Amino acid sequence: MGTVLVGCGSDVGSEANPESTAAPGTPAARVSPQPGKPVDKPMEKKVPTVAPGPGGLTPVFERATEVTGNTAPKTVALTFDADMTAGQGPRAARGERFDNPALIASLRKLNVPSTVFMTGRWAEEYPDQAKAIGNDPLFEIANHSYSHYAFKSPCYGLPVVEKNGMRADVERAFSAFKKAGVRNVVPYFRFPGGCYNDTALRALAPVKVTAVQWDVVSGDAFATDADAVAEQVLAGVRPGSLVVMHCTRSAAPVTERAVRTIVPELRKRGYRFVKVSDLMRG
């Protein structure tokens with residue numbers, strides 16, 4: 001069976017530190033531009049979160065809301081899921097690559113502030129890369145669970161985290177980031193596959209994270225046509241959009257090529273790239 005790379009469309013209806021339950025949060029830092037390259041600079045403010053939902057449920061954020069009148073700012077957040085499930089260590093040992101250094105290099109070359117939703121297992125497998133990405137002010141690291149198991153079933157065939165293990169799974173990922181030396185950690189969480197329900201939202205409430213979904217599906221998982229991925233993103237982006245993509249080269253091999261098309265075209269259309277924290281800020 002191939003890697004289950006989800007976060008590429010979900011049906012919600014059908015589908016840290018061990019001593020502290022509070023999610024990390026650090027102010028966004030300014031990006032140092034490369035000479036001659038356009039740069040979209042994040043704002044240097046406290047990392048925003050969304051207020052808890054009814055009954056104290058974990059809040060959910062999908063895209064920027066309109067700020068004034070009927071016009072939203074022409075900003076867009078590219079997000080990348082660094083997926084690796086808890087049981088894929090043997091496959092990595094046999095040479096399968098769940099990282100994507102070329103993608104990160106292109107984002108740096110293009111000066112695109114981005115949010116990487118990283119699993120704790122990915123951080124354990126690639127601690128040097130996790131540290132390098134997580135200490136670069138161009139990026140912020142958000143939580144994508146430790147195991148990349150589903151928090152609601154069914155969810156694209158993923159194994160399921162039991163209700164009483166959900167909180168621990170998320171906290172274990174934050175601990176993995178800390179062990180790898182990741183500094184730019186934000187208190188955001190993306191459900192594997194985007195699958196959740198009120199039970200999951202209630203279970204994660206003590207962790208004090210904001211769940212982050214998306215409104216634009218890139219379709220990059222298992223794709224072989226970079227142009228098709230780029231076209232799908234370009235067709236879907238609206239002011240305030242949040243795009244889900246992947247940072248896993250074995251199961252999303254054309255993402256880097258698609259990004260090299262998406263970024264200049266959206267800039268040509270007047271869009272500014274921001275991290276999720278800046279998109280949430282409005």
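Observations
- The range 237-256 - residue that is of a type in the set (Gly, Ala, Ser) and in a loop (DSSP other than H, G, I, E, B) and, of those, most open to solvent (accessible area, probe 1.4 Å): Ser250
- Whichever residue in the range 219-231 is of a type in the set (A, V, I, L, M) and crowded, with 16+ Cβ neighbours inside 10 Å and, among such residues, is nearest to Tyr156 (Cα to Cα): Ala221
- Filter pass, Val259 being closer than 26 Å to Gln129 by Cα, surrounded by 24 or more Cβ atoms within 10 Å (Cβ to Cβ), out of contact with any Asp or Glu (no Cβ under 8 Å at 6 or more places or on another chain) and at pLDDT 95 or above: yes
- Some residue of the range 156-171 being among the hydroxyl-bearing types (Ser, Thr, Tyr) and on the phi > 0 side of the Ramachandran plot: yes
- Looking only at residues of the range 87-101 that are more than 18 Å from the chain's Cα centre (by Cα) and in a loop (DSSP other than H, G, I, E, B), we find that the one that is nearest to Glu140 (Cα to Cα) is Arg97.
- Members of the range 262-282 found to be open to solvent by 10 Å² or more (accessible area, probe 1.4 Å) and hydroxyl-bearing (Ser, Thr, Tyr), listed by number: Tyr271
- Lone unmet requirement of (1) farther than 18 Å from Met84 by Cα; (2) aliphatic (A, V, I, L, M); (3) crowded, with 21+ Cβ neighbours inside 10 Å for Leu234: (3)
- Taken over the range 133-162, residues that are of a type in the set (A, V, I, L, M) and either in contact with a Gly (Cβ under 9 Å, 6 or more places away or on another chain) or modelled with pLDDT under 95 (or both) amount to 3.
The values are calculated or read from the model by the stated rules, or taken from the named source; none is laboratory data. Remember, it's a predicted structure, so these values are computed and weren't measured experimentally. Neighbour counts run over all protein chains shown; Cβ positions are idealised from the backbone, glycine included. Surface accessibility is based on the protein's heavy atoms, side chains included, excluding ligands, DNA and RNA. Shrake-Rupley method; radii C 1.70, N 1.55, O 1.52, S 1.80 Å.
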